[in-house]
Amino acid sequence: MPIKVVDASAVAAVLFVEPGADTVAGRIEGFELACPTLLPYEVASVCGKKIRRQPNLRRELLRSLLNLARMGITEHAVPPTDAVDLAQRLELTPHDAAYVWVARFLDAELVTLDRKLDRACRSAGR
């Protein structure tokens, strides 16, 4: 089965039913999914911010976060030095560069709602 790499913006859109969720769902349907090991923490951070803004939705948001495990995303460790090198070349944060690294490593498309990350990934040959 073909693979696609997903970033936190794409996964959060699906989990928390944000704008772009339908687009992301259509792009990842029928694919195995992959990400760097940092993705769960980035998505948890999104959840935490949502809870701070809307504490009355805490239970619902945490339930949505639990669905991350059901997405079956395979995590890949990215060597920190590679993330830093790639980040400097692409003018990204090491966090964002980790997604590009996994996409290059797996020769896979990166699914993201982050325009800057998408452009950088394309310029890196993915």
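The sole residue among Glu32, Glu60 that is over 16 Å from Asp114 (Cβ atoms), surrounded by fewer than 18 Cβ atoms within 10 Å (Cβ to Cβ) and touching a strand residue (DSSP E or B) at 6+ places or on another chain (Cβ under 8 Å) is Glu32.
So which residues in the range 1-40 are in a loop (DSSP other than H, G, I, E, B), at pLDDT 95 or above and within 25 Å of Thr93 (Cα to Cα)? Within the range 1-40, Asp7, Phe16, Thr37, Leu38 meet the criteria.
One line per residue, one yes/no per condition, for (1) under 12 Å from the mean Cα position of the chain (by Cα); (2) of a type in the set (S, T, N, Q); (3) closer than 18 Å to Ser9 by Cβ:
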{"position": "Arg53", "(1), (2), (3)": "no, no, yes"}
{"position": "Arg70", "(1), (2), (3)": "no, no, no"}
{"position": "Thr74", "(1), (2), (3)": "yes, yes, no"}
{"position": "Thr81", "(1), (2), (3)": "no, yes, no"}
{"position": "Val84", "(1), (2), (3)": "no, no, no"}
{"position": "Tyr99", "(1), (2), (3)": "yes, no, yes"}
{"position": "Ala103", "(1), (2), (3)": "yes, no, yes"}
{"position": "Leu110", "(1), (2), (3)": "yes, no, yes"}
{"position": "Arg115", "(1), (2), (3)": "no, no, yes"}
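Screening Val43 on (1) modelled with pLDDT under 95; (2) crowded, with 16+ Cβ neighbours inside 10 Å shows it passes everything except condition (1).
For the range 108-126, give me each residue that is over 22 Å from Tyr41 (Cβ atoms) and touching a residue at least 12 places away in the same chain (Cβ under 8 Å). Listed by number, the residues that qualify are Glu109, Ser123, Ala124, Gly125, Arg126. Within the range 44-64, not a single residue is closer than 25 Å to Met1 by Cα, touching a residue at least 12 places away in the same chain (Cβ under 8 Å) and of a type outside the set (Asp, Glu). Residues in the range 66-107 that are among the β-branched types (Val, Ile, Thr), without any contact (Cβ under 8 Å) to a residue 24 or more places away in the chain and not in a helix (DSSP H, G or I): Thr93 only.
The values are calculated or read from the model by the stated rules, or taken from the named source; none is laboratory data. What you see is a predicted model, and the numbers here were worked out from it, not measured in a lab. Cβ coordinates were reconstructed from backbone atoms using ideal geometry, including for glycine residues, and neighbour counts include every protein chain displayed.
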